Amino acid sequence: MSTKMRTYLVIFMTFVLLVTIGTGCAAPKETPQPAPTPAPAPVAAETPKPTYPEKEVEVVYHSSAGSGGDIFLRTMGKAVDKNLGKAWVVNNMPGASGANAWNYSAKAKPDGYTLLGISSTIITSPILNEMPVSYKDFEPVAMMFTDPMVLFVPADSKLTSIKDLVDTAKAKPGKVKFAGGTPGELGFVAGRELMKAAGFEIALVPFEGGGDAAVTVLGGHLDGGIGEYAEIASNVEAGKLRIIGSFNKMPLSPDIQTVAEAGYPEVKVEKLRGVLAPKGTPKEVIDIIAEAMKKALDDPDFKKYYEAGNLIPSFKAGDDFRKLMDEQDAQIRAAVGK
Amino acid sequence: MLDSLITGLSTVLQWESLLAIIFGVAWGTLGGMIPGINATIAMALLLPFTWSMDPVIAIMMLGGVYCGGEYGGSIPAVLIGTPGTNAAACTVYDGYELHKQGKTGLGLYTSLNSSVIGGIFSAICLILVAVPLAGVALAFGPAEYFALAFLGLSMICSLGEKNVFKGILAGFFGILLATVGFDPIAGVPRFTFGFMSMTEGFNMVPLMMGLYAISEMFKQAQEVMAGETFNLKVKTDTTFPKWSEIKRLFPFNIFGSIIGVIVGVMPGAGATVASFLGYSWAKRLSKNPDSFGKGNPAGVAVPESANNGATGGAMVPLLALGIPGSNSTAIMLSALMIHNVTPGPMLFTKSPEIPYSLFVSMLFANIFMFFVGYLFIKFAIKVTSISKQALVAVIIALVFTGVYAYSLEIFSVAVALAFGLIGMILRRFEIPHTASVLGFVLGFIMEANLRRALIVSEGSMGGAFFNSTLSSILLIAAFASIALSIARGVISSRKSKTSAAA
């Protein structure tokens, strides 16, 4: 075989492989999401209620093992196991901005043995990336926590309260610069909602991940930032950053003024953590899981964990949970204009 | 500080700590050696086992994996022209060339010595100035990051072997690749063509493995079919280099280590950027830049010292600011968080034994790395006597496995394959694919920070970049570098035209 022939052969074989992988990957996308038929419900209902769970429960999550959300889910799993009697096994399916995990679990058998751990990402990412899957393809099981969102400034900043920020920003529209999340992320949404309610304007500089944002604020390159409490807690404790207000009441730090207390109760931003189940999962099964999750909140080991992270327990099941997700969906759509 | 240091030393000098460090280094080196598995993946694989350990032991072991991983990547870079980790990509240039010239021992041991020196240098920096070093991370805002990335990119020109313009072309191609995926500033997906997997952009590991490993294996497979044997025509010298040779490279090691520590401290930059910057600066500042890429041991010494120098630097933002600057340190963060230890400024006052044990353990890890590396080299050298058919097949399998293990997505395998093909095309036209990788690595840092800086300056370019001394200096250096390269390119192409005409 000549050199030229060999080169063409290699290129040809590579293309064949690529096309195979390409069609293999694309296939699930082409099949439209089948409308959930009511059929599975009676089938599952035949199984007598007390038998759930008979085996381990798979909990799918969209980020890799060792990420913050993954550790949370595993720690919660240990507490839920005690009440459920069977183990929660976390299955990490990262990639595709979450779509891999969500497509997989949306199509799983709705029998309560496949669940989905979620954060607000399941509302944000499908909107921004125009995904064919969203939280609407699932049944809400229960919301467990809110990640507190705070407004923070460098320790030497003149801003000391939400009122200060509003007044300064009103005096110099657009001149105050705050680090925030990427468009659609809840830190970004929170900033927008507050600006709308209080009628001021600051420049929001988008950062991916709160760490980089915090470093930039610490270095004095920006006037402040909006982000999750957990990501800046150690710098607040060390007196390098100061919290001037929060979007959620933190039971462990009651002195921090909330936006509602500062006079803007209409600003409601809740970065949530919870669990969903595939559409069609029988209600009895969902109730059993939700009950086990609720009880887990009192588990002493788990309590120690979530209090250390200053997570706010905000248990919501069924329609309350659905309503909150619907509100957040509308909020994010308004923020990004989609 | 001395007290904390003694506490740290006494923690490290216990047999379980020492065992954990040695195991970590060996595991990391092994992972680094396998193309497709980098330090981060090697650490992630070990993470679940640390959950039942004492947090200090866990973090020391992960620190060992990190050091070992950054070193291990250079072994396949020298022996088969395929970097085991991203940060070893630069080592291929001169390391593989040395091997082809039969100076295998010089290539392998230079990389080992340089990694050890870089690692020890950065561990000493950590012990002495960890907290002040955090200031480096804080000095860099959006404008400064942009300027640094721009300066880095201006070095692309020096990576184009014969033709400066091909280097620039390859660099732009890399920047284009970096724009694929979710745009973090405007919040829209770009160039995803409806594939959900592309919304996260191209992952570094499959991209690099495609461009380097797969395309190299394709090339070698063609040679096998042409009936070439793997055994080098020249006799290989696998002995440890002479002391005079080691001594000669010492300034290069220190140069690489300093760049490594400084770049390592900056969140988001890391070992890969450090080794590229180190290599291109060394080439530019060298009296004999043409010898780089043709088997100059300094071309191995600088990037290897730089990527191991970055290991210590990367610990600074994690421990002093509580913010992980890279994927590897993010894993260390989660290893600490699971034990309710929150890194941050308070860690040094509340539980100083953790940071200081880690610092001291990294010093030990790098000393152990010398012996572990020595053993691994003895073993790895045998690779060259394996039949080429078997080797190519095994490496392709390892690469695809590693790429899949990293992302758990079959999409990544497709990305690696596609970039294997692109790599072949780039080789065919002698376009330096390393410049594309540098463009890819720096393109995203440059773009996001340019746009952030412009938001801060309210749209004024001058206000964004010439308000800070640091960014002004970096930008002026970058423009000077570009002007020089283009002038050089124009002159050399005129020369070749006249010589062709003559």
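If the label point is 7 Å along Cα→Cβ of B:GLU16, which residues in region B:331-363 have backbone nitrogen under 11 Å from it?
Under cut-off, by backbone N: nothing.
Around A:GLY117, with a cut-off of 11 angstrom between Cβ atoms, what is the net charge of the other residues, counting Lys and Arg +1 and Asp and Glu -1? Mind showing how you got there, number by number?
Working: positive: A:ARG74, A:ARG273; negative: A:GLU58, A:ASP70.
It works out to a net charge of 0.
Looking only at A:GLY224, A:GLY174, A:GLY184, which one moves most when chain A is put into a Gaussian network model with springs between Cα atoms under 10 Å?
Looking only at A:GLY224, A:GLY174, A:GLY184, the largest GNM fluctuation is found for A:GLY174.
Using DSSP, restrict attention to beta bridges with both residues in the protein assembly as shown and report what percent are antiparallel, rounded to the nearest 5. All intermediate terms of the calculation are to be shown ahead of the outcome.
Values: 28 of 43 bridges.
About 65 percent, rounded to the nearest 5.
So if I average 1/r over every pair of distinct C-alpha atoms in region A:149-246 and take the inverse, what Kirkwood radius in Å does that give?
Working: mean 1/r = 0.0774 Å⁻¹.
When all Cα pairs of region A:149-246 are included, the Kirkwood radius is 12.9 Å.
In debye, nearest 20: dipole of the protein assembly as shown around its Cα centre with unit charges on the Cβ of K, R (+) and D, E (-)?
On the way: 64 positive and 62 negative charges, 577 e Å.
Using only the charged Cβ atoms, the result is roughly 2780 debye.
Let me have the 222 nm mean residue ellipticity of chain B computed from DSSP H runs of 4+ only, each contributing -39500 (n - 2.57), with the sum over all residues rounded to the nearest 500.
On the way: 23 runs with 365 residues, N = 502.
Computed ellipticity for chain B at 222 nm equals -24000 deg cm²/dmol.
Could you work out which residue, out of A:THR51, A:THR114, A:THR124, moves most in a Gaussian network model of chain A, that is, has the largest mean-square fluctuation with Cα springs under 10 Å?
Among A:THR51, A:THR114, A:THR124, the largest mean-square fluctuation in the Gaussian network model of chain A belongs to A:THR51.
How large is log10 I(q)/I(0) at q = 0.14, 0.16, 0.17 Å⁻¹ when the Debye formula is applied to the Cα atoms of region B:1-110, each weighted equally and without solvent?
-0.61, -0.72, -0.77
Past 27 Å, Cα to Cα: identify those pairs from A:LYS163/A:LYS268; A:LYS268/B:LYS350; A:LYS279/A:LYS338, in the order given.
Details: A:LYS163/A:LYS268 18 Å; A:LYS268/B:LYS350 36 Å; A:LYS279/A:LYS338 25 Å.
Result: A:LYS268/B:LYS350 exceed 27 Å.
Which residue, chosen from B:GLY344, B:GLY69, B:ALA320, occupies the Cα position most advanced towards the positive end of the dipole of the protein assembly as shown, where the dipole is computed from +1 (Lys, Arg) and -1 (Asp, Glu) charges on Cβ about the Cα centre?
B:GLY69
Of the candidates A:LEU186, A:LEU222, A:LEU17, which one comes out as most mobile in a Gaussian network treatment of chain A with C-alpha springs shorter than 10 Å?
Taking springs between Cα atoms under 10 Å, the residue moving most is A:LEU17.
Which lysines, on any chain, are close to A:LYS170 with Cα under 16 Å apart, when same-chain ones fewer than 8 places away are left out?
Within the straight-line cut-off, A:LYS170 pairs with A:LYS158, A:LYS196.
Mind checking which helices in chain A clear 15 Å along their axis (Cα) and have mean Kyte-Doolittle hydropathy of 1.0 or more, DSSP H runs only?
On the way: long enough: A:3-30 (40 Å, 0.91); A:68-84 (24 Å, -0.11); A:186-198 (18 Å, 0.71); A:283-296 (20 Å, 0.20); A:318-336 (27 Å, -0.80).
What comes out of the filter, once short or polar helices are dropped, is none.
Which distance in Å, rounded to a whole number, links the C-alpha centroids of region B:87-119 and region B:409-443?
23
Only Lys, Arg, Asp and Glu count, each charged at its Cβ (+1, +1, -1, -1), so figure out the dipole size of region B:2-491 about its Cα centre, rounded to 20 debye.
Rounded to the nearest 20 debye, it is 1220 debye.
Sort all Cα-Cα distances of region B:358-426 into consecutive 10 angstrom bins from zero, then give the percent of pairs in each bin up to the one containing the longest distance.
17, 26, 29, 25, 3
Points 7 angstrom from Cα along the Cβ direction at A:LYS136 and B:THR7: gap in nanometres?
5.6
Determine, at each q value in 0.07, 0.08, 0.10 (inverse angstroms), the log₁₀ of I(q)/I(0) that the Debye formula gives when each Cα of the protein assembly as shown is one equal point scatterer.
For the protein assembly as shown at q = 0.07, 0.08, 0.10 Å⁻¹, log10 I(q)/I(0) is -0.55, -0.72, -1.13.
Within straight cross-link reach of A:LYS249, meaning Cα distance under 18 Å, which aspartates and glutamates are found once same-chain residues fewer than 8 apart are removed?
Within the straight-line limit of under 18 Å, A:LYS249 reaches these aspartates and glutamates: A:ASP147, A:GLU193, A:GLU228, A:GLU231, A:GLU261, A:GLU266, A:GLU270, A:GLU307.
What ranking of A:MET143, A:MET13 emerges when the number of other C-beta atoms within 10 Å of each C-beta is taken as an exposure proxy, fewest first?
Numbers: A:MET143 25, A:MET13 11.
Fewest to most other Cβ atoms nearby, the residues stand as A:MET13, A:MET143.
Can you give me the span-like helices of chain B, meaning DSSP H runs with 24 Å or more of Cα extent along the axis and Kyte-Doolittle mean at or above 1.0? Before the final figure, lay out the partial values.
On the way: long enough: B:15-33 (27 Å, 1.29); B:55-72 (25 Å, 1.09); B:104-139 (42 Å, 1.74); B:243-265 (32 Å, 1.16); B:298-316 (28 Å, 0.44); B:353-380 (37 Å, 1.54); B:388-407 (29 Å, 1.58); B:410-428 (28 Å, 1.87); B:433-456 (34 Å, 1.18); B:469-501 (48 Å, 0.98).
Once both thresholds are applied, what remains is B:15-33, B:55-72, B:104-139, B:243-265, B:353-380, B:388-407, B:410-428, B:433-456.
How far apart, in nm, are the 7 Å Cα→Cβ label points at A:GLU58 and B:TYR374?
Taking the two extended label points, one gets 4.9 nm.
If you scale each eigenvalue of the Cα gyration tensor by 5 and take the root, what three semi-axes come out for region B:2-491, rounded to whole angstrom and sorted largest first?
Numbers: eigenvalues 192, 169, 102 Å².
Taking √(5λ) for each eigenvalue gives 31, 29, 23 Å, largest first.
Find the relative contact order for chain A and round it to a whole percent, using C-alpha pairs within less than 8 Å whose residues are 6+ positions apart. Present the calculation step by step, with values, prior to reporting the outcome.
Working: 579 pairs, mean separation 84.2, N = 338.
Relative contact order, chain A: 25 percent.
Under a straight-distance cross-link criterion of Cα-Cα below 30 Å, which lysines are reachable from B:LYS382, leaving out those fewer than 8 residues away in the same chain?
Candidates past the 8-residue exclusion: B:LYS100, B:LYS103, B:LYS219, B:LYS233, B:LYS235, B:LYS242, B:LYS247, B:LYS294.
When N is the residue count of chain A, what does its C-alpha Rg come to as a fraction of 2.2 N^0.38 Å?
Numbers: Rg = 23.0 Å, N = 338, 2.2 N^0.38 = 20.1 Å.
It is 1.14.
Note down the relative contact order for chain B as a percent, whole number, built from C-alpha pairs under 8 angstrom at least six residues apart.
Dividing the mean separation by the residue count of chain B yields 29 percent.
Given A:PRO173, A:ILE226, A:GLN331, which one lies farthest toward the positive end of the charge dipole of chain A, if we put +1 on the Cβ of every Lys and Arg and -1 on the Cβ of every Asp and Glu?
The one lying farthest along the dipole's positive direction is A:PRO173.
Relative to the compact-globule scaling 2.2 N^0.38 Å, provide the ratio for the alpha-carbon radius of gyration of region B:275-371. Could you put the intermediate results ahead of the total?
Values: Rg = 17.4 Å, N = 97, 2.2 N^0.38 = 12.5 Å.
Rg over 2.2 N^0.38 Å, computed on Cα atoms: 1.39.
With unit charges on the beta carbons (Lys and Arg positive, Asp and Glu negative) and the dipole taken about the Cα centre of chain A, which residue among A:ALA277, A:GLY318, A:VAL189 sits farthest to the positive side?
Comparing the listed Cα positions along the dipole, A:VAL189 ranks first.
To one decimal place, what Kirkwood hydrodynamic radius in Å is obtained for region B:13-64 from all pairs of distinct Cα atoms? Each step should come with its number before you reach the end.
Numbers: mean 1/r = 0.0912 Å⁻¹.
11.0 Å is the Kirkwood radius here.
For region A:217-311, just run the numbers: alpha carbon Rg, then divide by 2.2 N^0.38 Å, N being how many residues it has.
Taking N as the residue count of region A:217-311, the ratio is 1.42.
B:ASP183: net charge of surrounding residues, Cβ under 10 Å, Lys/Arg +1, Asp/Glu -1, itself excluded?
On the way: positive: B:ARG190, B:ARG451; negative: B:GLU447.
It works out to a net charge of +1.
Treating the beta-carbon of each Lys and Arg as +1 and of each Asp and Glu as -1, no other charges, what is the dipole magnitude of region A:149-246 about its Cα centre, to the nearest 20 debye? Show your work: numbers first, answer last.
Working: 10 positive and 12 negative charges, 90 e Å.
In total the dipole reaches around 440 debye.
Using Cα-only point scatterers and the Debye equation, what is log10 of I(q)/I(0) for region A:169-210 at each q in 0.22, 0.29, 0.30 Å⁻¹, rounded to two decimals?
Rounded to two decimals, the profile gives -0.66, -0.98, -1.02.
A short reminder: the numbers here are calculations on the coordinates, not readings from a lab. For clarity, every value in this text was computed on a predicted model and none was experimentally measured. No Cβ is skipped: glycine too gets one built from the backbone with ideal geometry, and neighbour counts run over all protein chains shown.
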